[in-house]
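The values are calculated or read from the model by the stated rules, or taken from the named source; none is laboratory data. Since the model is a prediction, treat every value here as computed from it, not as a measurement. Methodologically, a virtual Cβ is constructed for each residue, glycine included, from the backbone with ideal geometry; neighbour enumeration extends over all protein chains shown. Please note that ligands, DNA and RNA were not included when accessible areas were found on the heavy atoms of the full protein model with its side chains. Shrake-Rupley method; radii C 1.70, N 1.55, O 1.52, S 1.80 Å.
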Amino acid sequence: MAATPLLAAFDWQAAWCRQTAPFTARVLERSRHWLAQDDAAHATLAAVAADPMAAAVPLRWAGALHHLALLGHAPWAGLWPPAGADAAVGAAGPCDEAPLDAAIAAAWTHQRAHCAAALARPPQTNEVQRSAALLPGLLYVAAQTRLPIALLEIGASAGLNLWCDRYRHDPGAWAWGDPAAPLVLRSDWQGPPPPLQAGLRVASRAGCDAHPVDLAQPGEGLRLASFIWPDQPARMQRLQAAQAAAAGWQRAEGVSVQALPAARFVAQALQLPRPGQATVLMHSVVWQYIGAGEQASIASTMHAAGARATAAAPLAWLRLEPRASDGLTSLRCRLWPGGRDALLARCHPHGAHIEWLAGTPAGEAG
């Protein structure tokens, strides 16, 4: 089969994973090989989205296979890490591709409903390491406004990053948060520290998602875990610790992620100002999954609400998103009144590396 957008997306994702998640890269490479030979399977996966790269179709497929392994189903449970850890680093060599090829084909043949359900939803890694960048962003808002924060998040999935202020942050150059927190986030930090003395206080928090993950429902935490690459155990451990903590906080404080389109959630949340609080709309690696029309609606709502913002009821738009120009991830904050857009940091998409730029105007760097 000639190169297609779907096959190109698998090639790109496999190359991206090769250095940090070699088993996942191998799964994507063998899946690409299978798709190039199976016209019916290729047509089905290609129909998921017009732009398979932007819609992360390869990661949807990889998540479907990992979910089968996490559920304990054979043969996937015996091939995927941790049980298949030796195979994950390629120790068996290329002659051992047959079991993996057979597992990929078997998922399509015998677990079609499971695969279809996974392909229908974008990945929801809810990567909690992104809180390592989001928390400094909230510190920036708190320092600029000197007000408690009403935190809103779109694409919140299970809501793990809504609690970014409850985790301990210790990148080495500085530390912030309760030393007894259930999760410690570490990152490769460059630049000056964020405004640690800002007096950050989150007065309220709410989130939405097109398909929220309810951690109180059996099996939902495992489905969320399926999007973590199986050969990255540290990410899995962070996710499990954050899930346990967030589930307790959500129960105690009555916080839930609403099943709403992002534009409707934002419009409802910004109907009235919050005097004495800084309202912050936050999102991380979700913008690409929102259609152009809904993106325009959210932007229109934000700018209209920004025009009404005052020093006593400011509004901030905190975005941790890949740049359209080159895919590099940046943390930006637009703050009203005034509407100044600042580039706060350049980041690894999972928050492993953060270069803090201390609020460089967005037009001066990036």
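Report the FRET efficiency, 1/(1 + (r/R0)^6), for residue 96 and residue 74, where r is their Cβ-Cβ distance and R0 is 22 Å, rounded to 0.05. All intermediate terms of the calculation are to be shown ahead of the outcome.
Numbers: r = 17 Å, r/R0 = 0.78.
Here the calculated transfer efficiency is 0.80.
With distances taken between every two different alpha-carbon atoms, region 88-247 has a Kirkwood hydrodynamic radius of 18.0 Å. In percent, what relative contact order does region 35-180 have, based on Cα pairs under 8 Å that are 6 or more apart in sequence? In percent, rounded to a whole number, it is 18.
Ranked by solvent-accessible area (1.4 Å probe, protein heavy atoms only, all chains present), the residues 236, 282, 53, 1 order from largest to smallest as 1, 53, 236, 282.
In the context of the full protein assembly, residue 355 retains an accessible surface of approximately 60 Å², using a probe radius of 1.4 Å and ignoring ligands and nucleic acids.
Taking 331, 272, 79 as the candidate residues, the one with maximal mean-square fluctuation in a Gaussian network model of the chain, Cα springs under 10 Å, is 272. For the residues 67, 169, 114, a GNM of the chain with alpha-carbon springs under 10 Å puts the largest fluctuation on 114.
Dividing the summed -39500 (n - 2.57) terms of all DSSP H runs of n ≥ 4 by the residue count of the chain sets its mean residue ellipticity at 222 nm at -12500 deg cm²/dmol. Ligands, DNA and RNA are left out, and with a 1.4 angstrom probe the accessible area of the chain is 41 Å² per residue. In the context of the full protein assembly, residue 51 retains an accessible surface of approximately 80 Å², using a probe radius of 1.4 Å and ignoring ligands and nucleic acids.
From Cα pairs below 8 angstrom and at least 6 apart in sequence, can you work out the relative contact order of the chain, rounded to a whole percent?
Here the relative contact order equals 17 percent.
For the chain, modelled as a GNM whose springs connect Cα atoms under 10 angstrom apart, the maximal fluctuation among 155, 172, 248 occurs at 172. Rolling a 1.4 angstrom probe over the chain with all protein chains present gives an accessible area of which 55% lies on carbon and sulfur atoms. Note on the chain: antiparallel DSSP beta bridges, both residues inside, total approximately 45 percent of the bridges counted.
Region 1-61 and region 259-326 have Cα centres lying 32 Å from one another. Ranking 60, 201, 18 from most to least accessible surface, computed with a 1.4 Å probe over the protein chains only, gives 201, 18, 60.
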